[in-house]
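The values are calculated or read from the model by the stated rules, or taken from the named source; none is laboratory data. Just so it is clear, the model here is predicted, and its values are computed rather than measured. We place every Cβ from the backbone using ideal geometry, glycine too, and count neighbours over all the protein chains shown. Keep in mind that these areas ignore ligands, DNA and RNA; they rest on the heavy atoms of the full protein, side chains included. Shrake-Rupley method; radii C 1.70, N 1.55, O 1.52, S 1.80 Å.
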Amino acid sequence: MDLSDRISKQVLTTKLDEIVKWARKHSLWPMPFGTACCAIELMAVLASRYDLARFGSEAIRFSPRQSDLMIVAGRVCNKMMPVLQRIYLQMPEPKWVIAMGACASSGGVFDTYSVIQGIDNFMPVDVYIPGCPPRPEAIIEAVLMIQEIIAKERQEI
Amino acid sequence: MAEKQTIELPVAAFRAMLLNFGPQHPATHGTLRIKMELDGEIITKATPYIGFLHSGFEKLGEHLDFNQYVTVADRMNYMSALNNDIAWHLAVEKLFAVEVPKRCQYIRVILAELSRISDHLVFLGTHALDLGAFTAFLWSFREREKLYDIFEMITGGRMTTSFTRAGGLWADMPKGFDDKVLEFCAQFPARLQEIEDLLTRNRIWIDRTKGIGVISGEEAVSYGLTGPCLRASGVVWDVRKAEPYSSYEDFDFEIPYGENGDVYDRYLVRLEEMRQSVRIAEQAVRNMPSGPVDVDQSKKIRLPPKQKVYTEMESLIHHFEFIMPGKGPKLPAGEVYVPTESPNGELGYYIVGDGKSKNAYRARTRPPSFVNYQAFSKMVEGRLVADAVAVLGSLNIIAAELDR
């Protein structure tokens, strides 16, 4: 058999950035910034029934320096926002953010003097999840949306 | 020849090291910050800083009416939202001087006890996770998912349920609910035993927990500890027995207590409490009284049934008035405090009504986590840094309840 014929049957050719994106989107390392109720539901997503590992995102890292996806779960208060901002800045590029639940997205039921009315006032957010707290299926959907964003993004390598 | 000089190095000043624990740390379960002064690996001083999750719960209590506030009360101790709901509405009902029917009380008891189990399961899972045991986390969340199914069946929500109303419940039990609870109660003790087999006699677990964070009975009382943390120190005090509410006097159950008041005893007390909760829930299902769930309409604190709203003029007017701001039932003037036994300890609401509006004039919470957290410094001082994680896990501090 001709050599080029054999290669075309066994080797897949693609562009470099495509393969990097493909690898990136299936190996997200989330950092849970859990403050309140949503954090418990986030735990449920990682546990047996919903099992986020099926989508390649189970490698939870509590250090921002090792992770590329931040999940802000719960309400963020005035006193906590500088901490969140600093942790966000500590994450290496490329990075994505999910605002999980009504509180992180918009303040939710806590329209009070101390709660930040949506973290997007202070930092970029890629995907918002509605719900108080969102169901685990919604969180999985959000991770899939992040994967879509990664696939469409133009990345310089 | 030059005189020999000695330079004194400030060794002592360098010995103490300042360690910031939190506010973003996996073992803090939310947002706690502890400033620790270390001598080598020994904690010489631990100062907790709180307020990172202060969301203005008590102020919201003055702006939302007594039925609306239940949505916020849910989110205080979100691991056992139903206990908060029940405590809030018990206080409201006491202010209105009404008592809900027996059937309602029994359903509340079932929900409160199942919530207690779900709270203790999170404690068990995350406490074990903090100390390096991952399997217990997965197994306890498997059981918790079953409880979520039960809650979803009756309340429509998994976690934040907002199920109780002043003078009753949002709805009666659905068909098949009692069977589902009994099914859970039948299989749960064996599953709990499996989790216990992983930990209770595990050498590593015992080394990490036994004799750590000890607090004696007298000290626990003087710090105002309640709940499993108090009972682990040998003080047998449970609001459900001492001051029964919601028909707890009808049920046969025991109060588990420990001897040493260390992390290990707090773990054992919680395990036994889960078994007792199963007993109570089973009894409540088997002896469920028949009858209405809500107080009768003459009290005018509960919405009229939808069927009547559509057919009777009187009920329609009542319904409108109930919903409209400035109308409807007003909280009577006076003040009440109702303590309840939440999974973490005594949870009570103190409400002041002014007789003019549906909103409370003042809605104060007595959260168990806030009071229990005081003892943290006492428990960790003189211990290793790693023990701080074990003690924090055993106190089961819920940041939302702590900061409110």
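Scanning the range A:42-57 for residues that are hydrophobic (A, V, I, L, M, F, W, C), away from chain B (no Cβ under 12 Å) and crowded, with 20+ Cβ neighbours inside 10 Å gives a single hit, A:L52. When the range A:113-136 is filtered for residues that are in contact with a strand residue (DSSP E or B) (Cβ under 6 Å, 6 or more places away or on another chain), outside any loop (DSSP other than H, G, I, E, B) and open to solvent by 30 Å² or more (accessible area, probe 1.4 Å), only A:Y128 remains. If you go through the range A:4-26 and keep only what is closer than 22 Å to A:L144 by Cα and acidic (D, E), you end up with A:D17, A:E18. Tallying residues that are touching a residue at least 60 places away in the same chain (Cβ under 8 Å) and under 24 Å from B:P289 (Cα atoms) within the range B:251-270 yields 1. Among the candidates B:V371, B:V309, B:V380, B:V389, the residue that is within 29 Å of B:Y245 (Cα to Cα) and either surrounded by 18 or more Cβ atoms within 10 Å (Cβ to Cβ) or aliphatic (A, V, I, L, M) (or both) is uniquely B:V371. For the range A:58-78, filtered to residues that are at the interface with chain B (Cβ under 9 Å from one of its Cβ atoms) and open to solvent by 70 Å² or more (accessible area, probe 1.4 Å), the residue that is modelled with the highest pLDDT is A:N78.
Residue-wise test of (1) among the polar types (S, T, N, Q); (2) farther than 25 Å from B:P289 by Cβ; (3) more than 10 Å from every other protein chain (Cβ to nearest Cβ).
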residue: B:V122; (1), (2), (3): no, yes, no
residue: B:A128; (1), (2), (3): no, yes, yes
residue: B:L131; (1), (2), (3): no, yes, yes
residue: B:F137; (1), (2), (3): no, yes, no
residue: B:T160; (1), (2), (3): yes, yes, no
residue: B:A166; (1), (2), (3): no, no, yes
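Residues that are open to solvent by 80 Å² or more (accessible area, probe 1.4 Å) and within 30 Å of B:M159 (Cβ to Cβ) were ranked within the range A:22-41; the one that is farthest from the other protein chains (Cβ to nearest Cβ) is A:H26. Applying a threshold of 6 Å to beta carbon distances and a minimum spacing of six or more residues, or different chains, the list of pairs starting in the range A:1-21 at a residue that is open to solvent by less than 80 Å² (accessible area, probe 1.4 Å) and ending at one that is in a helix (DSSP H, G or I) reads A:K21/A:I150; A:K21/A:A151. Residues in the range B:295-352 that are in contact (Cβ under 8 Å) with a residue 60 or more places away in the chain and in a helix (DSSP H, G or I): 1 in all.
Which one of these does B:I107 not meet: (1) touching a residue at least 40 places away in the same chain (Cβ under 8 Å); (2) at the interface with chain A (Cβ under 10 Å from one of its Cβ atoms)? Unmet condition: (2).
One line per residue, one yes/no per condition, for (1) under 19 Å from the mean Cα position of the chain (by Cα); (2) under 17 Å from A:R49 (Cβ atoms); (3) buried (at least 24 other Cβ atoms within 10 Å of the Cβ):
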{"position": "B:A87", "(1), (2), (3)": "yes, no, yes"}
{"position": "B:E99", "(1), (2), (3)": "no, no, no"}
{"position": "B:R103", "(1), (2), (3)": "no, no, no"}
{"position": "B:D130", "(1), (2), (3)": "no, no, no"}
{"position": "B:A136", "(1), (2), (3)": "no, yes, no"}
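Say whether the condition of being among the charged types (D, E, K, R) and within 14 Å of chain B (Cβ to nearest Cβ) is met by at least one residue in the range A:116-127. Checked against the condition, which is being among the charged types (D, E, K, R) and within 14 Å of chain B (Cβ to nearest Cβ), the range A:116-127 yields no hits at all. Residue selection: B:L198 satisfies the criterion of being of a type in the set (A, V, I, L, M, F, W, C) and away from chain A (no Cβ under 14 Å). Within the range B:21-30, does at least one residue satisfy the condition of being closer than 22 Å to A:G107 by Cβ, at pLDDT 85 or above and within 20 Å of the chain's Cα centre (by Cα)? Looking for residues that are closer than 22 Å to A:G107 by Cβ, at pLDDT 85 or above and within 20 Å of the chain's Cα centre (by Cα), one finds none in the range B:21-30, hence no.
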